[in-house]
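See below for the structure under consideration.
No lab work stands behind these numbers, since they all come straight from the coordinates. All of these numbers come straight from a predicted model, not from anything done at the bench. Note that each Cβ is placed from the backbone with ideal geometry, even for glycine, and that neighbours are counted across all protein chains shown.
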C-alpha cells in the first residue's frame, strides 16, 4: 500500500526507515539525518534523463529512465528488504515526483507498506527552516577563548540540561585553528539539517544551552533567526584567569602540527598585525606554544569583547571560574543561574530535569 504523507507526520512515526532515492551527489550535499540512500539513478544517469527531458520530451525521458533502471529493480528490492525487513518504509526524492513514485510503485508491488513523502526533500527543507523560526528558551554559555565552555556544556548535558553543541554540529571549534587539523565540515545544507533535527528532539518548553558563537563557525553559518535569538538570550559570561586559559589551550593545541598552526595564524595576519604574526610564527617554529597562544589570545580576547559590547548589558551575567574541573564548574553555573532575575519563572525542579 502507498500512503502519501506530510514530512511533519512522517517524523512522528517510530522506527520506519526513510529511503532517499535521489542521486549520491544530491544525498551527499544534504539529506534527512538517518535516511538511507537508495538512488534510482547514478549522478551521470540523472544528467542524461534531465537533458532528454529538456531537449526532447517528457515521454522520452521516462522511457530512458526505465531503460536505465531496468536491470536494477531486483537489487532495489533486496536492498530495501535489508534496510526494512518488516517491509515498512518512507520514500522521497527531490519534490515527490517520478523518482520516488516509481520506487514506491515497485516496493508496493512487492508487498511493502510505503509512506510517500509529499513534496519530497524540498518540503523537508521547508520543515528545517521552520525549526529555526520557532521560539526557544535559550541560555548562552560565554567566555573568552580557553574558558572551557565546550567541556562545561557537555557536563551540563550530563546533569540533565538540554544542550545544543553547535561546534560539534559544524565540526569546527570556531577559531582559525578550528578544524584541529582533522575535522571535515558538513555542507551548509547538512549542517542545517542536523541542527534542525537536534532542535526538534528537544522540549521547547525547557531551557536550551548553547555556546556563544559568531554567526559563522568556520565556513558554516548559523541560521540568522536562531543566531538572533542567541544574541537576545541571557549570557552566562565565564570569567577565567588568563594563565588558566593559556594552560588549557596549550594542552589542546600544543600537540598539533606546526605547519597547520602556521597556516591558521597566516589566515588572521591582517587582524593580528604583522609584528604579532611574525612573533607567533617564530614561537610555533621554536616550539614555544605558551608564547604562541599568549600572542594570538590578544586578538581573540579583543574580538570577544567586541561581541560582548553588542549585547544587552542587563542580560550579561558574569560567573567567576576559579578551577579547571568542568564538573565542578557546571554545578556552580547551575547554582548561579537559579538566582538570575530574568530566570525567576524557571523552577528549581526544571533545572534538575
### Query
What angle, in degrees between 0 and 90 and rounded to the nearest 10, separates the Cα long axis of helix 98-110 from the longest principal axis of the Cα atoms of the chain?
70 degrees
### Message
In Å and on Cα atoms, what radius of gyration and Dmax does the range 169-227 show?
### Response
12.1, 38
### Query
Expressed as an acute angle from 0 to 90° and rounded to the nearest 10, what is the orientation of the C-alpha long axis of helix 274-286 relative to the principal long axis of the chain?
80 degrees
### Rounded tilt (10° steps) of 258-267 against the dominant C-alpha axis of the chain
90 degrees
### Query
According to the Kirkwood expression over distinct Cα-Cα pairs, how big is the hydrodynamic radius of the range 188-293, in Å?
16.9 Å
### Message
So if I average 1/r over every pair of distinct C-alpha atoms in the range 113-246 and take the inverse, what Kirkwood radius in Å does that give?
### Response
16.0 Å
### Task
Could you order peptides 64-72, 116-124, 272-280, 141-149 by the average number of other Cβ atoms within 10 Å of their residues, highest first?
141-149, 116-124, 272-280, 64-72
### Task
Calculate the radius of gyration of the Cα atoms of the chain to one decimal place, then report Dmax, the largest Cα-Cα distance, as a whole number, both in Å.
25.0, 72
### Query
Highest mean first, what order results for 77-84, 210-217, 308-315 on Cβ atoms within 10 Å?
210-217, 77-84, 308-315
### Message
For the range 135-352, give me the percentage of DSSP beta bridges that are antiparallel, rounded to the nearest 5 percent.
### Response
10 percent
### Dimensionless Rg over Rh [the range 47-140; C-alpha; Kirkwood]
1.13
### Summary
Zone reached by a paramagnetic label modelled 7 Å from residue 270 Cα along Cα→Cβ, restricted to the range 293-334 with backbone N below 14 Å, covers none
